[in-house]
Amino acid sequence: MASLLRRGLVAGLLAGLVAGLFYLIAGEPVIQQALHYESAGSTGHAVEVFSRGTQRVGLVAGVVLYGTAMGGVFGFLYALLEPRFAGGAAWDRSLKLAAAAFASAWLVPFLKYPSNPPGVGDPATGAERTRLYLAMVAVSLGASVGAWLLSRHLAGRGVPRAPRQLAVGAAYLAVILAAYALLPEVRPESSVPAALLCDARKASAGGQALLWLALGVSFGWLSLWAESRSRTVR
């Protein structure tokens with residue numbers, strides 16, 4: 001458990017660095033444009049507490065910390081699920097877990113409540129929007145765990161693979177679509193152009209996809225290296 005947790009932290013650190021550099025290159029120009037529109041539409045004088053240079057460093061540092069934290073969670077989940085994985089090499093298991101985590105913890109909630117750049121959304125509704133987003137994250141994670149448990153249950157009852165996967169997929173989709181329909185919509189008013197808003201969301205999605213891909217690849221490579229080193233020692 002401890003070795004997998006350390007491996008996850010290292011992989012998360014590397015993934016955070018990769019994603020942080022991506023956000024700095026692809027996301028920072030979009031944020032700068034959004035801030036320009038926000039300041040242009042503001043009636044008062046905004047006080048800049050931190051310079052843009054400091055904010056850029058903070059952006060990368062924040063993503064690195066986030067990636068490291070997610071890496072620790074990833075390593076813990078991998079250690080928890082490793083005895084239950086249905087065969088396969090450590091590389092394959094790492095990539096599959098990273099893909100599942102990305103989809104359930106980020107992509108599915110993002111499709112319901114996409115992220116917004118600065119200047120989009122009423123600050124007074126920020127707490128409500130955060131609660132709704134976290135609720136969607138909880139539903140998505142719960143549905144993923146439920147789908148996994150259902151798959152194991154059906155496999156234990158001897159249900160063939162194809163109908164089992166169809167049943168699990170349909171059940172998961174039904175829960176997610178129900179959550180999409182029942183949770184309220186959030187349509188913030190903004191002076192930011194639709195094209196800029198779309199670019200900001202694409203940068204956000206690209207950074208998250210890159211982070212989880214880098215996490216899965218790094219963890220898988222470190223696992224292969226650890227296995228090779230263990231065989232050499234023997």
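Let's test the formula: R0 of 25 Å, r as the Cβ-Cβ distance of His36 and Ala69. What FRET efficiency results, to the nearest 0.05?
The pair His36/Ala69 has a calculated efficiency of 0.20.
Cα gyration tensor of the stretch 148-229, axes a ≥ b ≥ c as square roots of the eigenvalues: rounded (a/c below 1.5), prolate (a/b > b/c) or oblate?
Since a/c reaches 1.5 but b/c is at least a/b, the shape of the stretch 148-229 is classed as oblate.
Based on the Cβ-Cβ distance of Ile25 and Arg157, what FRET efficiency does E = 1/(1 + (r/R0)^6) give at R0 = 30 Å, to the nearest 0.05? Don't jump to the answer; show the numbers that get you there.
Numbers: r = 50 Å, r/R0 = 1.68.
Rounded to the nearest 0.05, the efficiency is 0.05.
In nm, what is the difference between 0.36 nm times the number of residues separating Leu134 and Glu185 and their Cα-Cα distance? Walk me through the intermediate numbers first.
Numbers: separation 51, 0.36 × 51 = 18.36 nm, distance 1.40 nm.
The span from Leu134 to Glu185 would gain 17.0 nm if fully extended.
Here, each number is a calculation from the coordinates, and none is a lab measurement. All figures in this text were calculated on a predicted structure; none of them were measured in a lab. Glycine gets a Cβ as well: all are built from the backbone with ideal geometry, and neighbour counts include every protein chain shown.
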